[in-house]
Amino acid sequence: MKRLNLPKEKTFIGPALIWKRIAAFFIDMAIVNLIVFFPFRKLFQNIVPKDYTFSEAYKFLSSSTNYTSFITSVSFVMSIILLLYFLMMERKMGQTIGKMLTKIYVLSNNNTLKTWQLLVRNLVFIPIFPFVLLWILDPLFMFFTKSNQRLSEILSKTTVVEVYSLGQYP
Amino acid sequence: MNKIPVNGNKGFFQEPRMPPNFRWGYAIFVIVLLSALGFVAVGVLSLFVGIDVESLRGNVALIPIEGIIVGTEDSEFLFESVTSSPDAVELIRKAENNPSIKAIILEINSPGGSAVASEEIANAVKKTNKTTVALIREVGASGAYWIASAADYVVANRASITGSIGVIASYLEFPGLLEKYNITYQRLVSGKYKDIGSPFKEMTQEEKAIFQQNLDAIRDYFAGEVANNRNLNKKDVDRIANGLFYLGAQAKELGLIDELGGFDETIAYIEKKEKITAEIAEYKKEKTLLDVLSKVLSKQSFFVGKGIGSSLFDRKIQSSITITT
């Protein structure tokens, strides 16, 4: 007898749990920092001697306009690379590595994800005013909205979701 | 493809089209691509912003004082070796603010230059709390010697040229030439001495006296600074502050330098004083690609502009005298 190709379990899609989102974020940041930002880390290690305290490093880097302009340029390039990571991953798969591991997805509220939506939802990574305001506002919104959406997610009409299981079909 | 309603009927969830293995492959591709981009970005940034990262290691800063000492970064010397006082002062401060740096070597090879610029550098040397050693190689004369004298210790080669404590402000005067070509200098000034030093007219005795008085004052100040820096008797310095240069050996006898020698002697002094094994970090004002390009372009524009405009209105001709040490 031929069987119908029915889904094996009942599922529904809902907003991703906050702890999963935070975990995914930290996994992504760890991967980007450890691997993608390796050349930048090496660069900073070469510029600032290892035995410096934070205040010593700050004093050292502020000692020259050459350094400050360099640090500004490097920070900007780093943020662009970080933005590219999220754009490339989410555009193609709706997931970053962190989201893959925590099994959560980015979803457009209307249709398929558009590039502008991804850009808007990741504006938080650009270290320029007024986007820096999102560093505080964005996570706050996540805790007080129904769908656990960040402010930039509301603006970009996207939601981070996960698949919830309701058990097997009889 | 499964489409599952989300949050009521607002949107659709599309399951990733890629198989899991391909998704991980794509993730690795993105990471590798962005890492490569990071390496390229670091290289390009270093090239354009101009920080020689390797030069920042070590515990002894080596700062070159080369060529003519000038007061502005945008000097007239495009491919000639010059030391601008803002650059030199910045490098000294950078070394001062770096806790790893225990001593600063000023590698001097300069005939001097602007009195103001020389004093600015000398003051920065005096202000630093680090051990400072001046190493005079071929020439450390006039303003360059002023800077050297500000260091804690001065080492010079036996055959090097030092001293030349004096001030010069000579200039070309060509009213005779103008007269030959029937060109008249129309003196229109408000203020008796406004065109003092103009090459188009002969300097009066009174004007010469004023100039000489000022030059003597600067020379006196220069000699006083040297005496103070080197802990010498001012009257003794006055006797040798006649513009004459001295070879290293003579300078040692006069007390203008502390030791005859070169780089090895300089390092030995620092290692003994600071009880360290010296590792040199070259502090140089790196010329970035942008710096060179912008300088070439600005020079080009300048000469084009100069061709279009009248050279008679060139302000440089109106005050052609500069005081150099």
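Got a sec? How would A:T115, A:T145 order by Cβ neighbour count within 10 Å, fewest to most?
Final ranking by Cβ density, sparse to dense: A:T115, A:T145.
I want to verify a result. In a Gaussian network model of chain A, Cα cutoff 10 Å, which of these has the top mean-square fluctuation: A:P127, A:P39, A:P15?
A:P39
Take every DSSP beta bridge whose two residues both sit in segment B:130-255, then give the antiparallel share in percent to the nearest 5.
Counting DSSP beta bridges with both partners in segment B:130-255, the antiparallel share is about 30 percent.
Could you tell me the extents of segment B:103-178's C-alpha atoms along the three principal axes, largest first, rounded to whole Å?
Principal extents (largest minus smallest coordinate, Cα): 55, 29, 15 Å.
Take every residue in peptide B:19-30, count the Cβ atoms of other chains within 10 Å of its Cβ, and give the average of those counts.
3
Based only on Cα atoms, what Rg/Rh ratio does segment A:59-170 have, Rh being taken as Kirkwood's radius?
Rounded to two decimals, Rg over Rh is 1.11.
Let me know the Rg and Dmax you get for segment B:62-200 when you use only its Cα atoms, in Å.
Rg and Dmax of segment B:62-200, Cα atoms, are 19.4, 66 Å.
Taking the Cβ of each residue in B:Y145, B:Y283, B:Y193 as the centre, tally the other Cβ atoms inside 10 Å and list the residues starting with the fewest.
So the residues, fewest neighbours to most, are B:Y193, B:Y283, B:Y145.
What trypsin sites (Lys or Arg not before Pro) in segment A:133-170 are in a loop by DSSP, with at most 11 other Cβ atoms within 10 Å of the Cβ?
Here the trypsin sites (Lys or Arg not before Pro) that fit, given the DSSP loop and packing criteria, are A:K146.
Beyond 19 Å between alpha-carbons counts as too far, so tell me which of B:K94/B:K284; A:K20/A:K114; B:K127/B:K272; A:K42/B:K285 fall in that bin.
Numbers: B:K94/B:K284 11 Å; A:K20/A:K114 24 Å; B:K127/B:K272 22 Å; A:K42/B:K285 22 Å.
Long pairs (Cα-Cα over 19 Å): A:K20/A:K114; B:K127/B:K272; A:K42/B:K285.
Which ordering of A:L133, B:L188 is given by a fewest-first count of other beta-carbon atoms within 10 Å?
Going from least to most buried by this count: B:L188, A:L133.
Output needed for segment B:141-259: three equivalent-ellipsoid semi-axes, defined as square roots of 5 times the C-alpha gyration tensor eigenvalues, in descending order, whole Å.
After scaling each eigenvalue by five and taking roots: 39, 16, 10 Å.
Pick from A:I80, A:I35, A:I104: which residue has the top mean-square fluctuation in a GNM of chain A where Cα pairs under 10 Å get a spring?
So, out of A:I80, A:I35, A:I104, the one fluctuating most is A:I35.
Only the coordinates and a few stated rules stand behind these numbers; no lab work does. Everything quoted here is computed from the prediction, not taken from an experiment. Neighbour counts run over all protein chains shown; Cβ positions are idealised from the backbone, glycine included.
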